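Below is one structure, written out as structure tokens; comments come after it.
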Amino acid sequence: MIKTIKDGVYPTMITPYTTDNKVDYNAVEQILEFYSKNGCDGIFAICQSSEIFFLSFEERLELLRFIMKHLPKGMNVVASGHTADDLDRQIYEANAFINEGIDAYVFIANRFAKEDEDDSVFLKNYEKAVNSIPEIGLGIYECPHPYKRIMTPATLRECALDGKMKFLKDTCSKIGDIKAKLDAVDGLGLKIYNANSATLLESLEAGCAGYSGVMANFHPEIYSWLCKNFKNEPEKAKEVQGFLAFASLAECQQYPVNAKYHMGLLGLDITNLSRVRDASKFSESNRKEIENMLVAEKSFKKYFGI
């Protein structure tokens, strides 16, 4: 069944670990509540921020089952997770995740064609995958790993023509390209969620449906305010945009270790451990930067009444 995907903020959900390198489900439940109480409209689960290329298929499936079982009321879940190179294996994985009751399944763009292959290969494999899964709302994620495959407006339109495509996590970080994609899929029911903080306000004004990026793991309530109020309070929105763009420099630090540290500062019972990055390299200076960013967040929210 094709469901409606709400506008708004969809954090790219991180995966917490215990000290013996297993998924920490106590922390997963706390993260879900953190998203809910801070204005997120949905969750992008089993994505790169979830460290999917470093989780086994069984871990990914178990994690999604737990998320669906403990999902806060009223939140959409879109999920990805097909990491294999082999297309038949990708289809198998996609079917397993879809069977957990998610609202939309998000294909990873770089899984359907190699970096040196053109979009005809992508479309051929995309069509086979779509025809091999139940009817469900679909999405595409321009995932940076192992290489970033950006959707062209023409190819995106081709994918959206049947009306099943509902979600694009856009990572091009170029407002002109985002506008071209919006124009290409106009009237087809596909919503675009920008992952880039620096272009977010411009993209919302152009017609994007919301934000789906890593910084929603730090201060989703500020992103939520911007997505819901940019039309009614345009001058304030510009100032909020300025803060979010500057704070997003944290993406270049030690993500997702720094996001877990930030959540810990907010009171979540979570380690800094990651399979993607060595948490021991999260330096004292890195910690001070995140601590001071939190001070700035609190002052900013108090000043603007967020």
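The values are calculated or read from the model by the stated rules, or taken from the named source; none is laboratory data. This is a predicted model, so every value here is computed, not measured. Positions of Cβ are generated from backbone atoms using ideal geometry, with glycine treated the same way; all protein chains shown enter the neighbour counts.
Things to note:
- Selection within the stretch 207-233: residues that are charged (D, E, K, R) and not in a helix (DSSP H, G or I). The member of this set that is nearest to GLU291 (Cα to Cα) is GLU233.
Per-residue answers, yes or no, for (1) hydrophobic (A, V, I, L, M, F, W, C); (2) out of contact with any helix residue (DSSP H, G or I) (no Cβ under 7 Å at 6 or more places or on another chain):
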position: PRO153; (1), (2): no, no
position: CYS159; (1), (2): yes, no
position: LEU190; (1), (2): yes, no
position: SER203; (1), (2): no, no
position: LYS228; (1), (2): no, yes
position: GLU233; (1), (2): no, yes
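- Counting the residues of the stretch 69-79 that are out of contact with any helix residue (DSSP H, G or I) (no Cβ under 7 Å at 6 or more places or on another chain) and surrounded by 14 or more Cβ atoms within 10 Å (Cβ to Cβ) gives 2.
- Meets criteria (within 21 Å of the chain's Cα centre (by Cα) and within 19 Å of LEU188 (Cα to Cα)) for ILE140: yes
- From the list ALA198, ALA216, ALA237, ALA245, the lone residue that is more than 20 Å from the chain's Cα centre (by Cα), at negative phi and at pLDDT 95 or above is ALA237.
- Within the stretch 287-298, residues that are within 11 Å of ALA250 (Cβ to Cβ) have Cβ atoms under 6 Å from residues that are hydroxyl-bearing (Ser, Thr, Tyr) and buried (at least 16 other Cβ atoms within 10 Å of the Cβ) in these pairs: ILE290/TYR261, counting only partners at least 6 apart in sequence or on another chain.
- Matching option when the condition is of a type outside the set (D, E, K, R), assigned to a helix (DSSP H, G or I) and closer than 20 Å to SER212 by Cα, among ALA296, ALA250: ALA250
- Residues of the stretch 3-16 that are surrounded by fewer than 20 Cβ atoms within 10 Å (Cβ to Cβ) and either modelled with pLDDT under 95 or closer than 23 Å to PHE54 by Cα (or both): LYS3, THR4.
- Residue check, PHE107 under 16 Å from the mean Cα position of the chain (by Cα) and touching a residue at least 40 places away in the same chain (Cβ under 8 Å): no
- Filter result for ARG111 (in contact with an Asp or Glu (Cβ under 8 Å, 6 or more places away or on another chain), surrounded by 14 or more Cβ atoms within 10 Å (Cβ to Cβ), charged (D, E, K, R) and modelled with pLDDT of 95 or more): yes
- Screening the stretch 267-302 for residues that are of a type in the set (Ser, Thr, Tyr) and surrounded by 10 or more Cβ atoms within 10 Å (Cβ to Cβ) and picking the one that is nearest to GLY242 (Cα to Cα) gives SER299.
- The stretch 122-135 residues that are over 12 Å from GLN90 (Cβ atoms), paired with ones that are part of a helix (DSSP H, G or I) and at pLDDT 95 or above (beta carbon under 8 Å, 6 or more apart): PHE122/ALA109; PHE122/THR155; LEU123/THR155; LEU123/GLU158; LEU123/CYS159; PRO134/ASN95; PRO134/ILE98
- GLU117 vs. criteria charged (D, E, K, R) and either touching a residue at least 60 places away in the same chain (Cβ under 8 Å) or touching an Asp or Glu at 6+ places or on another chain (Cβ under 6 Å) (or both): no
- Output for the stretch 49-86, where each listed residue is closer than 23 Å to LEU226 by Cβ and part of a helix (DSSP H, G or I): SER49
- Residues in the stretch 87-129 that are assigned to a helix (DSSP H, G or I), touching a Gly at 6+ places or on another chain (Cβ under 9 Å) and either more than 27 Å from LYS6 (Cβ to Cβ) or of a type in the set (A, V, I, L, M) (or both): ALA94, ALA96.
- ILE46, sole failed condition from (1) surrounded by fewer than 17 Cβ atoms within 10 Å (Cβ to Cβ); (2) under 15 Å from the mean Cα position of the chain (by Cα): (1)
- Within the stretch 160-215, the residues that satisfy the criterion of being among the acidic types (Asp, Glu) and over 26 Å from GLU251 (Cβ atoms) are ASP162, ASP183, ASP186.
- Annotation for the stretch 130-149: at least one member residue is part of a helix (DSSP H, G or I) and surrounded by 14 or more Cβ atoms within 10 Å (Cβ to Cβ).
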